[in-house]
1. Scan region A:15-34 for residues that are within 18 Å of B:Leu102 (Cα to Cα) and either at pLDDT 95 or above or touching an Asp or Glu at 6+ places or on another chain (Cβ under 7 Å) (or both) and jot them down.
2. State whether one or more residues within region A:85-105 are within 27 Å of B:Pro39 (Cα to Cα), touching a helix residue (DSSP H, G or I) at 6+ places or on another chain (Cβ under 9 Å) and more than 11 Å from chain B (Cβ to nearest Cβ).
3. Are there any pairs with C-beta distances below 7 angstrom linking a residue in region B:86-102 that is within 7 Å of chain A (Cβ to nearest Cβ) to a residue that is modelled with pLDDT of 95 or more and in a loop (DSSP other than H, G, I, E, B), with the two at least 6 apart or on different chains, and if so which?
4. For region A:24-111, give me every one of the strands (runs of 3 or more DSSP E) that falls completely inside it and has 2 or more residues that are at negative phi and over 14 Å from the mean Cα position of the chain (by Cα).
5. Which residue is nearest to the other protein chains (Cβ to nearest Cβ), if the candidates are limited to region A:19-70 and must be among the β-branched types (Val, Ile, Thr), within 15 Å of A:Cys88 (Cβ to Cβ) and without any contact (Cβ under 8 Å) to a residue 12 or more places away in the chain?
6. Just to be sure I understand, how many residues within region B:23-45 are surrounded by 16 or more Cβ atoms within 10 Å (Cβ to Cβ), out of contact with any helix residue (DSSP H, G or I) (no Cβ under 9 Å at 6 or more places or on another chain) and touching a residue at least 40 places away in the same chain (Cβ under 8 Å)?
Amino acid sequence: DAKTTQPPSMDCAEGRAANLPCNHSTISGNEYVYWYRQIHSQGPQYIIHGLKNNETNEMASLIITEDRKSSTLILPHATLRDTAVYYCIVRRTGTASKLTFGTGTRLQVTL
Amino acid sequence: NAGVTQTPKFRILKIGQSMTLQCAQDMNHNYMYWYRQDPGMGLKLIYYSVGAGITDKGEVPNGYNVSRSTTEDFPLRLELAAPSQTSVYFCASSWDRAAGELFFGEGSRLTVL
């Protein structure tokens, strides 16, 4: 599975959009991009995933560049409860769902 | 649905002791996983199972054993606890091999002294 690179930390003001970048320059054609988050010491929570089209759900939007070498997770109106570590993960299709978690981006939402 | 339930939530062990971390899911998921997370680090896969009676090693299986006798349960056994096994352990499950959405339990915090 392709390796991902994320900034170690980011800040965002409450009510503003949080844009979390992820670089996956070695991604191959059958690999999906997944985003999870971990609030405090809880178990990770699935947010969203995509292959090449942009995706949106009730939690967030995922923007994948045309060459698929990077992506951005967007939380449109960040709240204090969105403070968490966000993990960007790339996984091949057709495999057991062995997601490889790196160290992620620690997002701090402030007043 | 309770989702994924882990017990115990906290445990302190002495070096050399053994214990079992329990994990149960009520979503009828075929796939189950055990991860560990050391302070400030990401999650590392210990073992996983693709169905009852089938288990396989992940990245860091040494010092652990698993079994999967039913679809619902996936216990993790530590035979001879070592300080290096001090960690938070997360159990997860998913529907099938294509699904990337894993459902995680709340974690079990283990300290080995």
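1. A:Glu31, the sole residue that qualifies.
2. Within region A:85-105, none of the residues are within 27 Å of B:Pro39 (Cα to Cα), touching a helix residue (DSSP H, G or I) at 6+ places or on another chain (Cβ under 9 Å) and more than 11 Å from chain B (Cβ to nearest Cβ).
3. Filtered contacts from region B:86-102: B:Val88/B:Gly107; B:Phe90/B:Gly105; B:Phe90/B:Gly107.
4. A:105-110
5. Here the residue is A:Ile63.
6. Total satisfying the criteria: 12.
The values are calculated or read from the model by the stated rules, or taken from the named source; none is laboratory data. It should be emphasised that the depicted structure is a prediction, and the values quoted were computed from it without experimental measurement. When we count neighbours, we look across all protein chains shown, and the Cβ atoms used for this are built from the backbone with ideal geometry, even at glycine.
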